[in-house]
Amino acid sequence: MDGTLQFLSNLSDHRVEFNDNEEQEEEVYDTEAWEAITKCFKEVQSVLDQNRVLIQQVNENHESKVPDNMVKNVALIRDINSNISKVSRLYSNLSRDFCNIVHQRRTQALCEPKNPDDDVDTAES
């Protein structure tokens, strides 16, 4: 497994027990976010792996200097370019989704009523 995917997998496997319902909701929300991010990285890795194989084929065809193989490279290079566009879209979608998650989180934090117990410590100081 790729190092980044292993790191994300370890993070998403980490579970903490909370007694407070609000913290449990945050954990579920965080888990969903990590799962979405992990899914995207897995898709990207899959496409990059496909490109690695295609690039190897292009190199082998080029080294052979056989005219038919050189013609095959045109289609292979198109596939590589298509995959690069796909990776770009995946990262763009990931960026958009991550921004939406952060925005939702901030909006949620601003809309939540403040706990009056939080002021007790500052008032006593």
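Report note on the peptides 99-111, 78-90: ranked by the mean count of other C-beta atoms within 10 Å, highest first, their order is 78-90, 99-111. Could you tell me the center-to-center distance, by alpha carbons, between region 39-54 and region 88-112 in angstrom? Using only Cα atoms to place each centre, the spacing works out to 24 Å.
Read the figures in this text as sums done on the coordinates, not as results from a lab. Because the structure is a prediction, the values reported are computed rather than measured. Heads up, the Cβs are rebuilt from the backbone with ideal geometry, glycines too, and the neighbour counts pull from every protein chain shown.
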